[in-house]
Structure formats: structure tokens, C-alpha cells
Amino acid sequence: MNLTRDSKVLIQGITQTLGSYHAARMKAYGTNIVAGVSPGQGGSEVHGIPIFDLVEQAWQQIGSIDVTIIFVESYQALDAALEAIDTGIRQIILVTGEVPPLDIVRLLRKAKTTDTLIIGPFSSGIVIPDQVLLGTQETEFYTPGSVAIISRAGNLTYEVALSLTKAKLGQSIVVNLGCEPIVGSSFEQWLPLLAEHKSTEAIVLVD
């Protein structure tokens, strides 16, 4: 994991209502959204972001992509994620919820063999305060600092962040793993990553 303002971000399902809305929020926050994917909409734009029919087409046009955020319907999530992995993307955030459990099992097997980091399903994503927003997180609760938050909860994450902010303990990175029974990555996977994170001096777990 190495996310910066320059990280290239793709949005799959960018013409979906939720995808379009949050694409605008992420772009306004400063996230480097380089492309969107929506089959049948290739050649058009959303919020000034070019749209492609396939992830491979976006990769060929833009170059290597660091992370993709998936907003497609639940029954399309597996295909979207596998398409991203096959193209070469190794960090995937699944905002989509209610993905069939067997689809997630199949996806995790593929992720393991390709060393791909999966966040979600039903994840609000990642935020590095005042730098990068990846997903649907509400950014007003966060301030820059040195405390990482890793969570499977939803609104409770915001309460914890607000309490830290009031105590003048800003956040270095906030990661929501998703709150479904089977999720792509665990606390155990993220703790070593956060331990190596330059800006992080303490970690808060919210289960």
C-alpha cells in the first residue's frame, strides 16, 4: 500500500448514480481520478473524467493504475474485480454490498494468487485526511495527524475520528474493511501495512 496524491485511481461503475456522485466528491477532494469504466459509455466523460468500455482500454490509454473503486451492481462485482485484476490492478475497493458469498470466495482465491489487496465488499473506502479520498467516507470528521484507524464499523468510525480530532489527535489514514460476513482483507493483514506507514504512530481498531 502506497497511496499519495499522485496515485492513479480508476472508478468502475462511474455512470451509476452512486459512482457519479462520489466521483465528483473524490475529485473535489484532490484524488487523482484518471478514468472511469462503464460498458457502452466509452468515449464520453463524467465530471471531466474520461470513460472507457473496458479496464484494459483505460490501462492502455492512461498507463498503469494504482487502485480501482467498484460501484457496480452486486451481481456484476465479481466480474468487475476479476477484470481489474487481470489487467494488472493490485488494490481494489469494493463499495458494492450484498455480493454473493461464493463470488467473494472466488475473488479472494484469485486475489491470493495475484497478491491483490481487496477492501470490501460494502466498504466506505480509505481516506488520508486532506490528501486522498477513495470511496464514500465523510471527510469532515477527519484531520491530518499520526493516528491510523482501521475499522469494520460504519458510523462508529466517524464517532471515533471525531473524538480523536477533539483531543487534537489527527489521523494519518482511515481504512474501512467493510461490514459483511466475508470481506477481502482483515485486521491481521492491515496491521503490518500500517506499522510500516511513515505517517502513523498509533493505530485504533474499531470492530
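Give me the lysines in straight-line cross-link reach of LYS27: C-alpha distance below 21 Å, same-chain residues under 8 apart excluded.
By straight Cα distance, LYS27 reaches LYS8.
Rounded to the nearest 20 debye, what is the charge dipole size of the chain about its Cα centre when +1 sits on each Lys and Arg Cβ and -1 on each Asp and Glu Cβ?
Here the size comes out at about 340 debye.
Would you rank ILE118, ILE203 by solvent-accessible area, highest first, keeping every protein chain in place and using a 1.4 Å probe?
Correct descending sequence by accessible area is ILE203, ILE118.
Near LYS112, which aspartates and glutamates are there with a Cα under 14 Å away, not counting those fewer than 8 places off in the same chain?
ASP86
Can you send over the solvent-accessible area of GLU188, 1.4 Å probe, protein chains only, in Å² to the nearest 10?
GLU188 exposes around 130 Å² with every protein chain in place.
If we restrict to alpha carbons, what Rg and Dmax does the chain come to, in Å?
Reported Rg and Dmax, both Å: 16.0, 49.
With the cut-off at 1.5 for a/c, could you classify region 148-207 from its C-alpha gyration tensor as rounded, prolate or oblate?
oblate
Over the chain, what is the percentage of antiparallel beta bridges among all DSSP beta bridges, to the nearest 5?
Here the share of antiparallel DSSP bridges comes out near 25 percent.
Given contacts defined as C-alpha pairs under 8 Å and at least six residues apart, what's the relative contact order of region 66-144, whole-number percent?
Relative contact order here is 28 percent.
Would you work out what percent of the accessible area of region 19-175, with all protein chains in place, is carbon or sulfur (probe 1.4 Å)?
The value for region 19-175 is 50 percent carbon and sulfur by accessible area.
Could you do me a favour and compute the accessible area per residue for the chain, 1.4 Å probe, result in Å²?
47 Å²
FRET efficiency for PHE187 and ASP115, Cβ-Cβ distance as r, R0 = 22 Å, nearest 0.05?
In this case the efficiency is close to 0.70.
Could you work out how far helix 101-114 tilts from the main Cα principal axis of the chain, as a 0 to 90 degree angle to the nearest 10?
Approximately 90 degrees, to the nearest ten.
Relative contact order for region 15-141 using alpha-carbon pairs under 8 Å, separation at least 6, rounded to a whole percent?
22 percent
What is the gain in length, in nm to one decimal, between ASN155 and SER44 on full extension, counting 0.36 nm per residue of separation less the C-alpha to C-alpha distance?
Stretched fully, the ASN155-SER44 segment lengthens by 36.4 nm.
Compute the Cα gyration tensor for region 1-66, then decide on rounded, prolate or oblate, letting a ≥ b ≥ c be the square roots of its eigenvalues: rounded whenever a/c is under 1.5, prolate when a/b is larger than b/c in the other cases, and oblate in all that remain.
oblate
The values are calculated or read from the model by the stated rules, or taken from the named source; none is laboratory data. This one's a predicted model, so the numbers in the text were calculated from it and none came from an experiment. Heads up, the Cβs are rebuilt from the backbone with ideal geometry, glycines too, and the neighbour counts pull from every protein chain shown. Note: areas computed on protein heavy atoms with side chains; ligands, DNA, RNA excluded. Shrake-Rupley method; radii C 1.70, N 1.55, O 1.52, S 1.80 Å.
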